[in-house]
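Reading through the structure tokens given below for one structure.
The values are calculated or read from the model by the stated rules, or taken from the named source; none is laboratory data. It should be emphasised that the depicted structure is a prediction, and the values quoted were computed from it without experimental measurement. Methodologically, a virtual Cβ is constructed for each residue, glycine included, from the backbone with ideal geometry; neighbour enumeration extends over all protein chains shown. Note: areas computed on protein heavy atoms with side chains; ligands, DNA, RNA excluded. Shrake-Rupley method; radii C 1.70, N 1.55, O 1.52, S 1.80 Å.
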Amino acid sequence: MTKLYDQLKEDHRNLVKVLDVLKRQIALYSTREEAGTEKPDIALILDVMDYIQHYPDRFHHPLEEACFDYLDEHKRGDAVARDAIREEHEALEHSASKVRTLLNAINLGEAVPLDRLQQTLDQFHSLQLNHLKREEKTVFKDINALDDAASETILDRVEHRQDPLFADVANQQFNDLIRQLMQQ
Ligand SMILES: [Fe+2]
Ligand SMILES: [Fe+2]
């Protein structure tokens, strides 16, 4: 396995764990009015969004797109599947900003129906998870077929970012989220 493919798979494994934390929070909106149940934690949901917008959106997707550019240049693999995934990257960012707008409104004290927030979060969660699955079924095969030289060329083309959650020294901003990840 090349360093490049290993990195992409690792990013997916980590993102699935973060999406599981989000899924649990989304479920808590359904039981929020029952006495004695755990309430959803907006600060934790904001951490999930910060993470996704800071790392997968800013490093993981650009790295995938650098792979697509390389495959395009060498006319290899499934170009149609790549284009569909490129479009999904845009849709994901759009969906993330929709979630962010709602969360900001709540933080500013605006009356946002919580069912609407739950639904928006749920859509975001499904889009993210389906995206990962679709990539693994389609474009990842072509990326996995690249050799070490191609892997190095592609890795050199992107600006590197350290994963702020799963690095050896994680960013303290995410302490609560890290605690949740360890409880899973
Ligand atoms: Fe992607
Ligand atoms: Fe991906």
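Open to solvent by 60 Å² or more (accessible area, probe 1.4 Å) and either within 15 Å of ligand 1 (Cβ to nearest atom) or touching a Ser or Thr at 6+ places or on another chain (Cβ under 8 Å) (or both): which single residue out of 127, 114, 146 fits that description?
Numbers: 114 fails: either within 15 Å of ligand 1 (Cβ to nearest atom) or touching a Ser or Thr at 6+ places or on another chain (Cβ under 8 Å) (or both); 146 fails: open to solvent by 60 Å² or more (accessible area, probe 1.4 Å).
Checking each option against the conditions leaves just 127.
Scanning the stretch 50-85 for residues that are away from ligand 2 (no atom under 13 Å from the Cβ), buried (at least 20 other Cβ atoms within 10 Å of the Cβ) and closer than 27 Å to residue 99 by Cβ returns a single hit, 51.
When residue 39 is tested against (1) modelled with pLDDT of 95 or more; (2) farther than 23 Å from residue 3 by Cβ, just one condition goes unmet, and that condition is (1).
Within the stretch 161-184, the set of residues being in a loop (DSSP other than H, G, I, E, B), aliphatic (A, V, I, L, M) and under 20 Å from residue 57 (Cα atoms) comprises 165, 167, 170. The residue that is least open to solvent (accessible area, probe 1.4 Å), counting only those in the stretch 32-49 that are charged (D, E, K, R) and under 20 Å from the mean Cα position of the chain (by Cα), is 47.
If you go through the stretch 7-15 one residue at a time, do you hit one that is surrounded by 13 or more Cβ atoms within 10 Å (Cβ to Cβ) and modelled with pLDDT under 95? Give the steps one after another, and end with the answer.
As a first pass, look at the stretch 7-15 and keep what is surrounded by 13 or more Cβ atoms within 10 Å (Cβ to Cβ): 7-12, 14-15.
Those still in the list that are modelled with pLDDT under 95 too: none.
Checking the stretch 7-15: not a single residue is surrounded by 13 or more Cβ atoms within 10 Å (Cβ to Cβ) and modelled with pLDDT under 95.
For the stretch 153-171, taking the residues that are among the acidic types (Asp, Glu) and loosely packed, with under 14 Cβ neighbours inside 10 Å, the one that is modelled with the lowest pLDDT is identified as 168. Restricting 58, 100 to those that are touching a residue at least 12 places away in the same chain (Cβ under 8 Å), out of contact with any helix residue (DSSP H, G or I) (no Cβ under 9 Å at 6 or more places or on another chain) and either of a type in the set (D, E, K, R) or assigned to a helix (DSSP H, G or I) (or both) reduces the list to 58. Tell me yes or no: at least one residue of the stretch 110-125 is more than 30 Å from residue 74 (Cα to Cα), within 17 Å of the chain's Cα centre (by Cα) and within 16 Å of ligand 2 (Cβ to nearest atom). Scanning the stretch 110-125 turns up at least one residue that is more than 30 Å from residue 74 (Cα to Cα), within 17 Å of the chain's Cα centre (by Cα) and within 16 Å of ligand 2 (Cβ to nearest atom).
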